[in-house]
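**Q** My questions all concern the structure below.
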Amino acid sequence: MKTAVFHIKQGFTTNLYIFSGNTLEGLFLISREELKASKFPPKLRGIDKVYVLLDDPDGYYLNLLKLPGSGLRVGELKKIINYELLSILGEKARFAFEVVATQEDETGISSLVLVNGIKETYFNEIVDYLRNYRDLIELVISYPISYYNYDLGRGTLILELYEDKTKMTVLMGGAVVLYRTLPIGSQTMNSEDLFLRLRDEIERITYYVKQNYDRTFELRKMYYFTEDKNFSDLLRGLGIESELLELPLYRGGDVAPYIVAQKSPKDFILNILPPIVSYREISPYIYLFLLLSFFLYSALFSYSYFRLFKYERNLSKALENLRTGVYQNLTYIRENRMWMLTSALSQAEVPLGDFLMAVSASLERGMRVTYLKSERHVSGLAFSLNIDFDNVPDFKKVDLLKSFTERLSSYGIFYNLSYEVQSRGEKKEYRVKGVMLKGGG
């Protein structure tokens, strides 16, 4: 069984490891240009499976998210995590996650969720570069996840000491909570300075984890790897129970690809890419069934699309007739997905443009107005807006309503503003009420 591990670093420079069983057959340095052109060494031919190891912090996100509540359903977790990653990465992301702990403090009960995400554009770029081996890719993870569940202790440090760099991975209860690459190594400074620097870094990361995750956190064990065995005594002197990472078949490069190559994708819960089943593994009968299903769904889609197109065409004609002659005094205005009757607004002596502009500018991302009810008021126009949300977790909706009313209030032309949440069975309705003064601003 031959396995290829692509260790992708910043700038898409890549180390390619080719293993036969657990033995390294070749280690190759590939530039971005070569990766983009799919120029790989001949030894890659006849490969059975491909693993991708990401070591570029600009492309992926790995962290523990503290989410309110416990026992959240998978669908709810996915929705919340998708919203958080969109805010953090600035674009849509592929991700995998695992609930690692439940925590209770002065704010209540919360869940600690380990999230490993990758930007969609970054992922697509990688898959495009490896297009010739696309159906062989079985694993895509970030570098620190290679140690996921490596140890079940409360506080573990994985320390990799190379000639030109040092990598530190901190695990808490088996979950990766911190990963750092330091530009110091066994050949960049003398032993005494290296020892002092490593001791300072260990104190720094311990303080960081205590402040951000668990105040009782303590490093209790260290697994270490060093290319130069003369540094073993130095590492054991850091004051932490230590154990050497034994890699008898090590032949250069980083440690993680060796660990990953010896495991199955099923061992990695945070695999961003679930295993792909090759067509070669599908029986002819299943393949025939899939083919027939494809033709059936294609026919149903074509029929549905034709019906929908015909319905839209008839609806467009009906709307056009309404606008041009059936109801002369009725005008519909489309703004932020809301339909409203202008006659009530004009009778209340309220400038329509100011009203629409204020509502539009006050809406935040993920909010939309689905219904407007308005009536004349002594002071101007009394209105009620029904608000709906797209891809917004329930616990953030009230905050957005509050922000919306505050922004409306800042215009100085609205008063008696309030918001309410009404439950109708399992569904909730969100409503904002208020009065707009005559004459606007």
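**Q** Taking residue 198 as the residue in question, decide whether it is modelled with pLDDT of 90 or more, part of a helix (DSSP H, G or I) and farther than 30 Å from residue 34 by Cα. Step through it out loud before you land on a result.
**A** Values: modelled with pLDDT of 90 or more: yes; part of a helix (DSSP H, G or I): yes; farther than 30 Å from residue 34 by Cα: yes.
The answer is yes for residue 198.
**Q** Any residue in segment 401-413 that is outside the structural domain of residue 84 (by TED's automatic domain parsing), at pLDDT 90 or above and among the β-branched types (Val, Ile, Thr)?
**A** yes
**Q** With the condition being under 19 Å from residue 268 (Cβ atoms) and either in the same structural domain as residue 390 (by TED's automatic domain parsing) or over 25 Å from the mean Cα position of the chain (by Cα) (or both), I'd like the strands (runs of 3 or more DSSP E) fully within segment 1-112 carrying at least 2 qualifying residues. Spell out the reasoning first.
**A** Details: elements: 2-9, 14-20, 23-30, 49-55, 60-68, 93-105.
Fully inside segment 1-112 and qualifying: 2-9, 14-20.
**Q** Of all residues in segment 163-202 being surrounded by fewer than 11 Cβ atoms within 10 Å (Cβ to Cβ) and without any contact (Cβ under 8 Å) to a residue 12 or more places away in the chain, which is farthest from residue 112 (Cα to Cα)?
**A** 190
**Q** Any idea which of 75, 69 is out of contact with any strand residue (DSSP E or B) (no Cβ under 8 Å at 6 or more places or on another chain) and either among the aromatic types (Phe, Trp, Tyr) or under 29 Å from residue 364 (Cβ atoms) (or both)?
**A** Details: 69 fails: out of contact with any strand residue (DSSP E or B) (no Cβ under 8 Å at 6 or more places or on another chain).
Of 75, 69, the one residue that is out of contact with any strand residue (DSSP E or B) (no Cβ under 8 Å at 6 or more places or on another chain) and either among the aromatic types (Phe, Trp, Tyr) or under 29 Å from residue 364 (Cβ atoms) (or both) is 75.
**Q** With the checklist (1) buried (at least 16 other Cβ atoms within 10 Å of the Cβ); (2) in contact (Cβ under 8 Å) with a residue 60 or more places away in the chain; (3) not small (Gly, Ala, Ser) in hand, flag the one item residue 262 doesn't pass.
**A** The one condition residue 262 does not meet is (1).
**Q** Kindly indicate the residue of segment 249-267 that is aliphatic (A, V, I, L, M) and assigned to a helix (DSSP H, G or I) and also farthest from residue 23 (Cα to Cα) among those meeting that condition.
**A** Step one: list which residues in segment 249-267 are aliphatic (A, V, I, L, M), which gives 249, 255-256, 259-261.
Now restrict to residues that are assigned to a helix (DSSP H, G or I): 256, 259-261.
Details: 256: 14, 259: 11, 260: 12, 261: 9 Å.
The qualifying residue farthest from residue 23 (Cα to Cα) is 256.
**Q** While we're looking at this one, here's another question. Pairs please, first residue from segment 395-418 and more than 28 Å from residue 79 (Cα to Cα), second anywhere and of a type in the set (Asp, Glu), Cβ atoms under 7 Å, 6+ apart in sequence or on different chains.
**A** Pairs that qualify, where the first residue is more than 28 Å from residue 79 (Cα to Cα) and the partner is of a type in the set (Asp, Glu), are 413/354.
**Q** Go through 169, 156, 188 for me and flag whichever is more than 30 Å from residue 3 (Cα to Cα) and among the β-branched types (Val, Ile, Thr). Give the steps one after another, and end with the answer.
**A** Numbers: 169 fails: more than 30 Å from residue 3 (Cα to Cα); 156 fails: more than 30 Å from residue 3 (Cα to Cα).
The match here is 188.
**Q** When you check residue 73 against the structure, is it touching a helix residue (DSSP H, G or I) at 6+ places or on another chain (Cβ under 6 Å) and closer than 24 Å to residue 390 by Cα, yes or no? Walk me through how you get there before you give the answer.
**A** Numbers: touching a helix residue (DSSP H, G or I) at 6+ places or on another chain (Cβ under 6 Å): no; closer than 24 Å to residue 390 by Cα: yes.
The answer is no for residue 73.
**Q** To continue, here is another question. Being out of contact with any Lys or Arg (no Cβ under 9 Å at 6 or more places or on another chain), part of a loop (DSSP other than H, G, I, E, B) and basic (Lys, Arg) narrows it down to one residue among 154, 215; which is it?
**A** On the way: 154 fails: out of contact with any Lys or Arg (no Cβ under 9 Å at 6 or more places or on another chain).
That would be 215, the only listed residue that is out of contact with any Lys or Arg (no Cβ under 9 Å at 6 or more places or on another chain), part of a loop (DSSP other than H, G, I, E, B) and basic (Lys, Arg).
**Q** Let me ask something else. Report yes if some residue within segment 121-128 is crowded, with 19+ Cβ neighbours inside 10 Å and touching a helix residue (DSSP H, G or I) at 6+ places or on another chain (Cβ under 7 Å); otherwise report no.
**A** Step one: of segment 121-128, the residues crowded, with 19+ Cβ neighbours inside 10 Å are 122-123, 126.
Retained after the next criterion (residues that are touching a helix residue (DSSP H, G or I) at 6+ places or on another chain (Cβ under 7 Å)): none.
No, there is no match, as no residue in segment 121-128 is crowded, with 19+ Cβ neighbours inside 10 Å and touching a helix residue (DSSP H, G or I) at 6+ places or on another chain (Cβ under 7 Å).
**Q** Can you list the strands (runs of 3 or more DSSP E) lying wholly within segment 286-380 that have 1 or more residues being among the aromatic types (Phe, Trp, Tyr) and modelled with pLDDT of 75 or more? Outline the logic, then answer.
**A** Values: elements: 332-335, 338-341, 367-376.
Output list reads 367-376.
**Q** From the list 137, 118, which residue is crowded, with 21+ Cβ neighbours inside 10 Å and within 30 Å of residue 48 (Cβ to Cβ)?
**A** Values: 137 fails: crowded, with 21+ Cβ neighbours inside 10 Å.
One residue alone meets the criteria, 118.
**Q** Then there's this: Go through segment 381-420 residue by residue and tally those that are within 14 Å of residue 359 (Cα to Cα), part of a loop (DSSP other than H, G, I, E, B) and either hydrophobic (A, V, I, L, M, F, W, C) or within 39 Å of the chain's Cα centre (by Cα) (or both).
**A** 3
**Q** Okay, moving on. Name the single residue, out of those in segment 214-250 being among the aromatic types (Phe, Trp, Tyr) and in contact with a helix residue (DSSP H, G or I) (Cβ under 8 Å, 6 or more places away or on another chain), that is modelled with the highest pLDDT.
**A** Going through segment 214-250, the residues among the aromatic types (Phe, Trp, Tyr) turn out to be 217, 223-225, 231, 250.
Narrowing the set further to residues that are in contact with a helix residue (DSSP H, G or I) (Cβ under 8 Å, 6 or more places away or on another chain) leaves 217, 224, 231, 250.
Details: 217: 84, 224: 89, 231: 82, 250: 84.
Top of the filtered list is 224.
**Q** Could I ask something else about it? Which condition number in (1) in contact (Cβ under 8 Å) with a residue 60 or more places away in the chain; (2) surrounded by fewer than 17 Cβ atoms within 10 Å (Cβ to Cβ) is the one that residue 254 fails?
**A** Residue 254 satisfies every listed condition except (2).
The values are calculated or read from the model by the stated rules, or taken from the named source; none is laboratory data. Keep in mind it's a predicted model, so treat the numbers as computed, not measured. Ideal geometry is used to build each Cβ from the backbone, glycine not excepted, and the neighbour counts take in all protein chains shown.
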